[in-house]
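Colleague: Can you read through this structure? Questions will come right after.
The values are calculated or read from the model by the stated rules, or taken from the named source; none is laboratory data. Source: prediction; values computed, not measured. Virtual Cβ from ideal backbone geometry, glycine too; neighbours counted across all protein chains shown.
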């Protein structure tokens, strides 16, 4: 039996490692704790995002250009569909009482973010204007300098069997774009 104990790291790709360090360490307060110079001239740097997890970045001089709408969101925050196999966004767990303060910090740093904390619930639209007992997660969304959509996420309830209530879609359910 396979048994994991959490996420060790997520490895992403950046266009400018110096800019990425300034954002993740300087704005998001995630200490850079390991750097690797790769044999092909690339780099692989690791940031501590808390809870024993890290977010890492590769940089290559000859790496492919960004592919918004395929490998990342096309337009933040309203055109968020991405391709099969892509990473849509990366969510960092945060205490609920820290969410409002994160808005201030992002604004001070000039980072565009969702206009307010998003209250995710089970309503048909999936979000509520106000926090209520049906809200299961509260979020702030923004993008990094590479166009990667990020989320500060605060769980507001414990999940149980009733929270797994939908029939999973299959490849046969897809429609041609």
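Colleague: Find the residue count for region 52-85, including only residues that are under 30 Å from residue 157 (Cβ atoms), touching a strand residue (DSSP E or B) at 6+ places or on another chain (Cβ under 7 Å) and assigned by TED's automatic domain parsing to the domain that holds residue 11.
Modeller: 3
Colleague: Just the residues that are surrounded by 12 or more Cβ atoms within 10 Å (Cβ to Cβ) and either more than 16 Å from the chain's Cα centre (by Cα) or in a strand (DSSP E or B) (or both), please, taken from region 51-69. Break it down stepwise before answering.
Modeller: The initial filter retains those residues of region 51-69 that are surrounded by 12 or more Cβ atoms within 10 Å (Cβ to Cβ), namely 53-60, 63, 66-69.
Listed by number, the residues that qualify are 53, 54, 55, 56, 57, 58, 59, 60, 63, 66, 67, 68.
Colleague: Here is a further query. Which members of region 47-64 meet the condition of being farther than 13 Å from residue 25 by Cα and in contact (Cβ under 8 Å) with a residue 40 or more places away in the chain?
Modeller: If we filter region 47-64 for residues that are farther than 13 Å from residue 25 by Cα, which is where we start, we get 51-53, 58-64.
Result: 51, 52, 53, 58, 59, 60, 63.
Colleague: Of everything in region 70-96 that's over 21 Å from residue 136 (Cα atoms) and not in a loop (DSSP other than H, G, I, E, B), which residue is modelled with the lowest pLDDT?
Modeller: Top of the filtered list is 75.
Colleague: Scan region 103-123 and report the pairs whose first residue is without any contact (Cβ under 8 Å) to a residue 24 or more places away in the chain and whose second residue is buried (at least 18 other Cβ atoms within 10 Å of the Cβ) and part of a helix (DSSP H, G or I), with Cβ atoms within less than 6 Å and a gap of 6+ or a chain change.
Modeller: Matching pairs, first to second residue: 117/99.
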